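The values are calculated or read from the model by the stated rules, or taken from the named source; none is laboratory data. It should be emphasised that the depicted structure is a prediction, and the values quoted were computed from it without experimental measurement. Please note: Cβ atoms are built from the backbone with ideal geometry, for glycine as well, and neighbour counts cover all protein chains shown.
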Amino acid sequence: MHSINLQAKSGLFLTIEGIEGVGKTTAVKFISAYLQEAKQPFVLTREPGGTAIAEEVRKILLTPHEEKILPETELLLMFASRMQHIAHVILPALKSGSWVISDRFVDASYAYQGGGRKLEIQKIASLEQWVTEGLQPTRTFLLDAPPHIGLARAKNRGEHDRIEQEKIDFFERVRASYLTRAKEDPKRFQVIDATLPLLEVQTELVKGLRELLK
């Protein structure tokens, strides 16, 4: 195990969450540029993925297969890749004093496998406790938009991966799950209306980043 000592961490852990097409990639690029300008060291990463092995697991998870991947298998693979990610990327960066910006983290499992796949929340919570050992983001930027808007934007990105091929009701459940988690933890979450013009979304991101850089 990775033996997390929360007191030993000196960097901040930021995550960006949301359904497909809400502009997470654009937000990550903006946050990266902002932190570079502020001369704040950071590591940029993503889930599923972030390490060589976790990226291989990502391919399994996102590539359409003839064999159906069970929701439970999907959940376990997500947490298997997450354990590699925490041990080899997130914790070392935090302990070195760098900030970590991750495109998705545990909230995505609650939203996609809990909300979308309708798996028991308690099962996800048990895996979270085992794998993360209490590690949580300092701040989570949740980019929120109705699925019909997000999916319409995502259509322009070319071929859809295995999860992007789900029907709209799946993404309605994912979005609802994200918003529920944000209500349950308002200090950690900053919900941003992703239907706003880009400049306004970036203004909201800056508000959160300035608060953290104080």
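Each row is one residue, and each column tells you yes or no for (1) touching a residue at least 60 places away in the same chain (Cβ under 8 Å); (2) at positive phi; (3) part of a loop (DSSP other than H, G, I, E, B).
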{"site": "SER102", "(1), (2), (3)": "yes, no, no"}
{"site": "LYS118", "(1), (2), (3)": "no, yes, yes"}
{"site": "ALA125", "(1), (2), (3)": "no, no, no"}
{"site": "GLU128", "(1), (2), (3)": "no, no, no"}
{"site": "GLY134", "(1), (2), (3)": "yes, yes, yes"}
{"site": "HIS148", "(1), (2), (3)": "no, no, no"}
{"site": "ALA152", "(1), (2), (3)": "yes, no, no"}
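Please go through the range 31-79 and pick out each residue that is part of a loop (DSSP other than H, G, I, E, B), touching a residue at least 60 places away in the same chain (Cβ under 8 Å) and under 30 Å from GLY208 (Cα atoms).
Across the range 31-79, the qualifying residues are ALA38, GLN40, GLU47.
Is it the case, given these coordinates, that ALA152 is over 25 Å from LEU209 (Cα atoms) and of a type in the set (Gly, Ala, Ser)?
yes
Only one of (1) out of contact with any Leu (no Cβ under 6 Å at 6 or more places or on another chain); (2) crowded, with 23+ Cβ neighbours inside 10 Å is not met by ILE101, so which one is it?
(1)
Among what's in the range 44-67 and is modelled with pLDDT under 95 and of a type in the set (Lys, Arg), pick the residue that is surrounded by the most Cβ atoms within 10 Å (Cβ to Cβ).
ARG58
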